[in-house]
Amino acid sequence: MTRVLLLGGTSEASQLARELAARRVDAIFSYAGRTAAPLPQPLPTRTGGFGGSEGLARFLRAEAISHVVDATHPFAAQMSRNALAACAAAGVPLCAFERAPWTAGPGDDWRHVPDIPAAVAALPESPARVFLAIGRQTLAPFAARPQHHYLLRLVDPPAGPLPLPDVAVVIARGPFTRAADEALLAAHGIGLVVAKNAGGAGARAKLDAARALGLPVILIDRPALPPRRIARTVGEVLDFLAHRADLGV
Ligand code: 3Y8
Ligand code: NAP
């Protein structure tokens, strides 16, 4: 009996949720609860952590989950590690649904760094105007470079003070467009973009805008994860669910 747990929070997860709902696949969509009002999904949805990998393993057994699809963000490394451990413990097959990393094209001026501390170290000494487009959770390390003006883009208004002295905040939930991001970068006189190598279309706009404006980008590599099955398309996920025939595709 197919019963899917879909670990969500990305454009890919939302795309897959639509496909599974259209095929009436028995599935549960899962959000961490990071944002105040996440996009509604066409599947029964649960929100909040599971309580580590042990909590997730208990959930898999209690809900008689037959397949787990990890469609979380490439930087949601803890969730992905927990899913690997829980699925191994509970004997439930797991497949990641993940977009490939971005690769530079003609006109891109990217500097790849391995992690957040390396991105901080890569900032120039002299004051710059930086679009720090990495969300809210990993801002604190940039307080070591207070000389810069930081433009932030957050999903929700910040609940408390931000760890950066010279900062402007835009509240917006993607996906974003290149034209709008070009206008944003120009309006704020941005000279440098810092971003995570998230991949996918939903966050790509700022990189295309940077190229159009001739701006350099510091691009943070995604965290390494243990080997796991990875699907790059909905079709590959449906194959994993091994019910293409049942799904009428
Ligand atoms: C809570 C669900 C969909 C999913 C849309 C994608 C695209 C728009 C671009 C920029 C970069 C960033 C951030 C970003 C993008 C999509 C996707 C994506 C980047 C929502 C969502 C949740 C989150 C969590 C949030 C993080 C933050 C990261 C903002 C919903 C909108 C910067 C990642 O305030 C916080 O605590 C925010 C936390 C994790 C990274 C961080 O460390 O701050 N995403 N983003 C999910 C949950 O609770 O499980 O609210 O609707 C989902 C999306 N965000 O269905 O169409 O697929 O990547 N999300 C990054 O890539 O660097 C914004 O501004 O250019
Ligand atoms: P994370 O650091 O990898 O995970 C931390 C803890 O949050 C997990 O151990 C788990 O708690 C809980 N969690 C994470 N994703 C969950 C989900 N989909 N359903 C239920 N619990 C979840 O996670 P994160 O980077 O903060 O990402 C949180 C959410 O935002 C995910 O849905 C992710 O897809 C989305 N997102 C993240 C980014 C990013 O840049 N990190 C970008 C876009 C979207 P327990 O240990 O208690 O189970």
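Stokes-Einstein diffusion of the chain at 37 °C, 0.692 mPa s viscosity, Kirkwood radius from Cα pairs, rounded to a whole number: 169 µm²/s.
Quick check for you: which residues of segment 50-89 have the amide N under 15 Å from the point 7 Å beyond the Cα of Asp221 toward its beta carbon? It comes to 75, nothing else.
What residues have an amide H closer than 5 Å to that of Thr72, excluding those fewer than 5 places away on the same chain, when H is modeled at 1.01 Å from N in the peptide plane? Those qualifying (amide H under 5 Å, at least 5 residues apart or on another chain) are Phe97. Taken along the Cα-to-beta-carbon direction at a fixed 7 Å, the label points for Ala172 and Arg228 span 3.0 nm. Highest average first, the peptides 202-212, 151-161 ordered by how many other beta carbon atoms sit within 10 Å of their residues are 202-212, 151-161. Between Asp156 and Ala144, the contour length at 0.36 nm per residue exceeds the alpha carbon distance by 1.9 nm. Computed from label points 7 Å out along Cα-Cβ, the spacing between Ala77 and Ala121 is 1.5 nm.
Only the coordinates and a few stated rules stand behind these numbers; no lab work does. These numbers were taken from a predicted model, which means no experiment stands behind them. FYI the Cβ positions are ideal-geometry reconstructions off the backbone, even for glycines, and counts take in every protein chain you see.
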